[in-house]
1. Got a sec? Charge dipole of the range 202-251, +1 on Cβ for Lys and Arg, -1 for Asp and Glu; which of ILE220, ILE232, ALA250 is way out at the positive end?
2. ALA206: net charge of surrounding residues, Cβ under 15 Å, Lys/Arg +1, Asp/Glu -1, itself excluded?
3. How large, in percent, is the carbon and sulfur part of the accessible surface of the chain at a probe radius of 1.4 Å?
4. Can you match P(r) over Cα pairs in 20 Å bins from 0, in percent to one of these, (1) 30, 56, 13, 1; (2) 28, 53, 18, 0; (3) 21, 48, 30, 1, based on a calculation from the structure here?
5. Can you tell which of ILE186, MET343, LEU324 lies farthest toward the positive end of the dipole of the chain, using +1 and -1 charges on the Cβ of basic and acidic side chains (Lys, Arg; Asp, Glu)?
6. Starting from the amide H of PHE245, placed 1.01 Å from N in the peptide plane, find each other amide H under 5 Å away whose residue is 5 or more places distant or on another chain.
7. Length gain on complete extension for the stretch ARG228 to SER331, per 0.36 nm per residue less the alpha carbon to alpha carbon distance?
8. Cα axis of helix 164-176 to longest principal axis of the chain: angle in degrees, 0 to 90, nearest 10?
Amino acid sequence: MKVKNILVIRFRRVGDSVLSMALCHGLRQTFPDAHIDFVINQGIHTLYANHPDVDRCIVFSPEEQQFIKYVSKVWKTVHDTRYDLIIDMRTTLRTLLFSQFSLFRTPLRVGEKKWYAWPWLSRRVDNHATGTGSRLDQNNMLLGTLKDVAEVKPSVDFKLYANPQDVERYHQLMVEKGIDFSKPVIIATPTARLEYKVLPADTMKAILIKIINLLDAQIIFNFAGKERDIAIRYQQELDNDPHIFTNIEAPSLPELCALMKNCDFFFGNEGGPRHIAQALDIPSFAIFPPGIKKSIWLPNEGERFAGISPDDFMPLKEQKEKHLTYQQRMSLLTEERIWAQLMPFISNNIKK
């Protein structure tokens, strides 16, 4: 059958949405003439303006997440456009409304294999079972259900694109704020949205000092919302080291992309900014907290993209058998262990 209109349902969060660009790229390669719509939360959608693998973002604001407004917009979305293919990447009771309202309009309705989804999906896949691979592999399993429809061309290539004018504007701003581009510039996330997932402060500060001493590097702290106070406290506790900058902020995701494109390296806690850095092809090294598997959340691990996890030093099974607490598992990431992996990696990826 000819697939003319495709709807990809993602919604949240930043990291998941960034990784979903590999699926959108695979759809673009598989159905090059199709129109691809992407359902996403307000705010996150700004990452995908003029993205070659997304023709239109269908944006849901916080107000439109209220049930009555949500149902109305879902109905309007699938009746304004007759979709040939719907891919529901989340397959929740709420996202399944897109397929329910398209039951007799959209022949291909693909999603995860969940017990409550079978009446509404025409194709289901158990893509979160043990051993299904990285998040990219799991997403591509959704595309793999279409092998009888087209020559499927899965992709592990997820990219973001920064506006060149924004990149230049941030370059000038960084110079004004004291950045010397003859020296390495590193963007770091010493904090995170969920505080319990961050590397302990003393360990993080010790690593930052080692990076500065090794490279004479300038480190820009990236933060959002309440993370700002924590980042500034870190700076103060490091004696307001002139190598550390908290005065170069990126209030929007496109501006964060522009800022990152002016940096040589990313280091910090795992999260959305780390995914953005990788999608912009910025070499990166991330701290993975307990419960966040590198095998799932660090696709294409290698020379440019790496990370460290407690599981690297004690198998997860053994951690559970020993009944280690979350803090005990996190403590497996010592300053010495992190530096032993980070130092050669960062040196190989920063040539200044």
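The values are calculated or read from the model by the stated rules, or taken from the named source; none is laboratory data. Computed from a predicted model, the values in this text were never measured in an experiment. In this analysis, Cβ positions are derived from the backbone assuming ideal geometry, glycine residues included, and neighbour counts consider all displayed protein chains. To get the accessible areas, we keep the full protein, side chains included, count just its heavy atoms, and leave off ligands, DNA and RNA. Shrake-Rupley method; radii C 1.70, N 1.55, O 1.52, S 1.80 Å.
1. ALA250
2. -3
3. 52 percent
4. (2)
5. Comparing the listed Cα positions along the dipole, LEU324 ranks first.
6. Those qualifying (amide H under 5 Å, at least 5 residues apart or on another chain) are ILE219, ILE220, PHE221.
7. That pair, ARG228 and SER331, stretches by 34.6 nm at full extension.
8. For helix 164-176, the angle is close to 20 degrees.
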